[in-house]
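Enquirer: I have a structure here, written as structure tokens, and I will follow up with some questions on it.
The values are calculated or read from the model by the stated rules, or taken from the named source; none is laboratory data. Treat the numbers as computed from the prediction; the structure is a model and nothing was measured. Using ideal geometry, Cβ is built from the backbone for each residue, glycine included, and neighbour counts are taken over all protein chains shown.
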Amino acid sequence: MKAIALVSGGLDSTLAIKVAKEQGIEVTPVYFRTSFCQRESFSQLEKNIGQPVKVIDISKEFLELLIDPPHGFGSSMNPCIDCKILMLRKAKELMSVLGASFVITGEVLGQRPMSQNRQALNNIEKKSGLTGLLLRPLSAKLMPETLAEKEGRVDRSKLLNFSGRGRSPHIALAKKFGITEFAAPAGGCLLTESLYAKRIKDLIAHHQLDLENIELTKLGRHFRLSPQAKLIVGRDEKESILLEKLASKEDIVLTPNDVLAGPTALFRGRPDVGLIELAGKITVSYCDLNGKKEAELFVKNGSAEKKLRNFSCLERKEFAALRI
Ligand code: SF4
């Protein structure tokens with residue numbers, strides 16, 4: 001019998017797969033990636049479960065959830081309930097393609113107060129269209145029987161009754177399966193970080209939430225210069241190189257002149273003389289000026305030739321109002 005397993009890469013989804021495989025279920029592990037997931041590697045997970053993970057990008061569909069998620073946000077900008085519903089709907093679509101009879105997750109009853117209480121778990125199952133087709137092996141004995149259990153195709157007696165936030169049963173089970181190393185849960189979803197969330201709120205407030213702008217939110221220092229324009233200043237050489245790479249032909253890139261040490265900055269939005277002046281002042285303020293109050297920057301717009309311009313520093317007190 002075949003099943004699709006949603007994986008985060010953390011211990012719980014690993015254990016859920018191991019429990020299912022122990023009773024002969026053929027599992028296809030799937031990781032649904034959004035723009036906000038930071039997990040890059042699945043090697044540890046793949047080693048623990050003994051098979052490759054299928055990665056599917058759902059960034060575009062996920063964006064719509066951020067504007068007005070029907071079930072609201074968690075502690076920050078994380079729309080966890082709607083995110084799970086979306087991922088499970090996607091898994092349901094895959095069932096017929098892969099010939100799977102049901103879907104598995106590593107969810108544990110009561111582990112997260114908002115998205116894993118009994119009502120939320122029932123709601124997620126119903127809204128994803130998977131009623132009776134969603135098996136949570138780690139808490140299955142505390143949940144209603146799934147179709148596969150009723151039909152005897154899954155042995156309920158071999159499933160578990162984990163609940164709450166304690167980790168001891170998980171660690172003991174990992175030990176039983178010989179799992180000693182595993183990645184952190186949730187894969188570091190950026191939306192759970194309140195400082196990062198401010199950048200997403202700013203994009204939404206200015207109707208600029210798209211995949212290209214989201215990529216920029218992951219690096220640099222951010223400044224809102226006008227309702228239509230932002231400046232992103234690199235924090236180190238790596239970010240400066242990345243900013244140049246991410247610049248579109250409409251963006252304006254500011255870089256230090258040949259003898260000045262400092263970051264690259266990217267101006268995105270509707271430019272005018274005053275805003276470019278402001279962007280230059282902010283960028284120069286992060287340069288090594290050796291006691292001077294001004295310096296030259298190259299200003300380059302798309303394919304146009306880069307031009308040198310002189311900018312003075314911005315007063316420290318002016319930064320606070322612009323920083324996101
Ligand atoms: S933490 Fe992020 S990836 Fe995980 S369920 Fe919530 S919104 Fe989705």
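Enquirer: What residue, among those in the range 118-146 that are among the polar types (S, T, N, Q) and over 18 Å from Lys92 (Cβ atoms), is modelled with the lowest pLDDT?
Expert: Residues of the range 118-146 that are among the polar types (S, T, N, Q), as a first pass: 119, 122-123, 128, 131, 139, 146.
Okay, now just the ones that are also over 18 Å from Lys92 (Cβ atoms), so 119, 139.
Values: Gln119: 94, Ser139: 98.
Across the range 118-146, the extreme among qualifying residues is Gln119.
Enquirer: Considering Leu209, Leu191, Leu195, which residue is crowded, with 21+ Cβ neighbours inside 10 Å, within 16 Å of the ligand (Cβ to nearest atom), of a type in the set (A, V, I, L, M) and farther than 23 Å from Leu297 by Cβ?
Expert: Working: Leu209 fails: crowded, with 21+ Cβ neighbours inside 10 Å; Leu195 fails: crowded, with 21+ Cβ neighbours inside 10 Å.
Unique residue meeting the criteria: Leu191.
For every residue, the table says whether it meets (1) touching a residue at least 40 places away in the same chain (Cβ under 8 Å); (2) more than 12 Å from Ile104 (Cα to Cα).
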| position | (1), (2) |
| --- | --- |
| Ile17 | yes, no |
| Phe32 | yes, yes |
| Gln38 | yes, yes |
| Phe62 | no, yes |
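Enquirer: In the range 140-159, what residues are loosely packed, with under 14 Cβ neighbours inside 10 Å and touching a residue at least 40 places away in the same chain (Cβ under 8 Å)?
Expert: Of everything in the range 140-159, those that are loosely packed, with under 14 Cβ neighbours inside 10 Å and touching a residue at least 40 places away in the same chain (Cβ under 8 Å) turn out to be Asp155, Lys158.
Enquirer: Moving on. Please work out which one of (1) more than 21 Å from Ile49 (Cα to Cα); (2) more than 13 Å from the ligand (Cβ to nearest atom) is the condition Leu159 fails and give its number.
Expert: Single failed check for Leu159: (1).
Enquirer: Now, a different point. I'd like to check something: does the range 106-122 contain any residue that is in the same structural domain as Arg33 (by TED's automatic domain parsing), in a helix (DSSP H, G or I) and aliphatic (A, V, I, L, M)? I'd like the intermediate steps shown before the answer.
Expert: Here is the first cut: in the range 106-122, the ones in the same structural domain as Arg33 (by TED's automatic domain parsing) are 106-122.
Checking the rest, the ones that are also in a helix (DSSP H, G or I) come to 118-122.
So of that shortlist, the ones also aliphatic (A, V, I, L, M) come out as 120-121.
Yes: one or more hits.
Enquirer: Among the listed residues Leu88, Leu66, Leu45, Leu98, identify the single one that is hydrophobic (A, V, I, L, M, F, W, C), in contact with a Ser or Thr (Cβ under 7 Å, 6 or more places away or on another chain) and over 27 Å from His170 (Cβ atoms).
Expert: Values: Leu88 fails: over 27 Å from His170 (Cβ atoms); Leu66 fails: in contact with a Ser or Thr (Cβ under 7 Å, 6 or more places away or on another chain); Leu45 fails: over 27 Å from His170 (Cβ atoms).
That would be Leu98, the only listed residue that is hydrophobic (A, V, I, L, M, F, W, C), in contact with a Ser or Thr (Cβ under 7 Å, 6 or more places away or on another chain) and over 27 Å from His170 (Cβ atoms).
Enquirer: If you go through the range 54-104 one residue at a time, how many are assigned to a strand (DSSP E or B) and within 14 Å of the ligand (Cβ to nearest atom)?
Expert: 3
Enquirer: How about the range 1-28: which of its residues are assigned to a strand (DSSP E or B) and surrounded by fewer than 18 Cβ atoms within 10 Å (Cβ to Cβ)?
Expert: Those that are assigned to a strand (DSSP E or B) and surrounded by fewer than 18 Cβ atoms within 10 Å (Cβ to Cβ): Lys2, Glu26.
Enquirer: To continue, here is another question. Give the range 29-53 a look and list any residue that's over 10 Å from Gly9 (Cα atoms), within 13 Å of the ligand (Cβ to nearest atom) and either assigned to a strand (DSSP E or B) or more than 18 Å from the chain's Cα centre (by Cα) (or both), or say none.
Expert: Residues satisfying the conditions are Phe32, Arg33.
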